[in-house]
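First comes the structure, then the notes that go with it.
The values are calculated or read from the model by the stated rules, or taken from the named source; none is laboratory data. Quantities reported herein were computed from a predicted structural model and do not represent experimental measurements. Cβ sites come from the backbone with ideal geometry, for glycine too, and all protein chains shown count toward neighbours.
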Amino acid sequence: MSVTKLQKALYLADLEHFTLTGTTLTGARWVRYTHGPMAKALVPSTQVMDGHEIDVATEPVGSYDARVYRPGPAPRFRPNLAAEEKAALDRILALVGPLSTKDAIALAYNTAPMRLVQRMEAEAGQVQLNVDIPFELDDAMIADVVTPEPVADGAAVVAFKCRERARIGDLQEAALARAAR
Amino acid sequence: MIEPGAVFEIPAALADPPQRARDPNAPVREHRWVLNVSTKADSRDRFQETVITVLLSAQTEYAHRHDVLVRRPDGGIDRDSIAQTDVLFMVLKAELTPDRWRGTVMADTLRQVRAKLAETLGISPGT
């Protein structure tokens, strides 16, 4: 796993656990960096663990060299995770593991905290590196910042929605008919 | 697998025939994908026969203010999709069989959908 993808996986795991329990897994401070969420504490932590809990190597990944993280040869400790922590981490690793770094970044950018950061950047007219990524958001704020930018014109959206609603009527009628049988 | 945020692929047999009768121009689809937004209690309660779902669509170009973007492969979807919180309906749990389960979205994604749903329904502060 490359460092960029590792950062995104950890961010998503932290956010998953925070959304479910109110606390993050790592306790790290997440900031917006060039490719999205980044925990600056990750770099020194990996240096301390290199050669023991993890093995860090620079390897060709696609057309460029990247720092790749693998399980290390001589771990001095094992993670002691609570059941819900392990469940959140496993869920995110299963989701992010098969993804390319680009897709992992896209997933991270689509989270509510990053959508808020992107909204602030749009209003400021520039990318704002090193700003904190806030996890504590109320529902009204989330609903506001996740609203997609319109692409199609209003008439096309109305026609699309008409088709979608008609189709829902069928789903309900069919389900009710089955239930009545 | 019926839990909050679970995504199911509903077969055409549930959706097709009456729809064609009403709208001859409707696109032909073999399946529709839905996302469960019901509570954990209602999802698990054996005496609660239905759950509330929102309809997903991969036609993200029609996204508007009621929709939430869900990125592939979150929830097991194979294309980026919109969760349409203004196309909300109940579905019998009996129809949501394990073979139709495609995955469960991240907690943050479900929270986005529920937050947008609260806004759509007017139960969000200031709406």
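A quick yes/no check of all residues on (1) closer than 30 Å to residue B:122 by Cα; (2) facing chain B (nearest Cβ under 8 Å):
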| position | (1), (2) |
| --- | --- |
| A:81 | no, no |
| A:97 | no, no |
| A:125 | no, no |
| A:133 | yes, no |
| A:159 | yes, no |
| A:164 | yes, yes |
Among the residues that make up region A:136-154, is at least one of them modelled with pLDDT of 95 or more, under 30 Å from residue B:120 (Cβ atoms) and surrounded by fewer than 13 Cβ atoms within 10 Å (Cβ to Cβ)? yes
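Taking the options A:114, A:141, name whichever one is over 24 Å from residue B:73 (Cβ atoms) and either assigned by TED's automatic domain parsing to the domain that holds residue A:16 or not charged (D, E, K, R) (or both).
Values: A:114 fails: over 24 Å from residue B:73 (Cβ atoms).
Exactly one of A:114, A:141 is over 24 Å from residue B:73 (Cβ atoms) and either assigned by TED's automatic domain parsing to the domain that holds residue A:16 or not charged (D, E, K, R) (or both), namely A:141.
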With A:24, A:58 as the choices, which residue is under 16 Å from the mean Cα position of the chain (by Cα) and among the hydroxyl-bearing types (Ser, Thr, Tyr)? A:24
I need the full set of residues from region A:99-119 which are more than 10 Å from every other protein chain (Cβ to nearest Cβ) and closer than 18 Å to residue A:134 by Cα, in order please. A:105, A:116, A:117, A:118, A:119
Which one of the conditions (1) in a helix (DSSP H, G or I); (2) of a type in the set (A, V, I, L, M, F, W, C); (3) more than 10 Å from chain A (Cβ to nearest Cβ) does residue B:35 fail to meet, given that it meets all the rest? (1)
Exactly one condition in (1) within 24 Å of residue B:60 (Cα to Cα); (2) at pLDDT 95 or above; (3) surrounded by fewer than 19 Cβ atoms within 10 Å (Cβ to Cβ) is false for residue A:117; which is it? (3)
Counting only strands (runs of 3 or more DSSP E) entirely within region B:46-127, those with at least 3 residues that are more than 7 Å from chain A (Cβ to nearest Cβ) and buried (at least 17 other Cβ atoms within 10 Å of the Cβ) are B:50-57, B:81-92, B:101-104
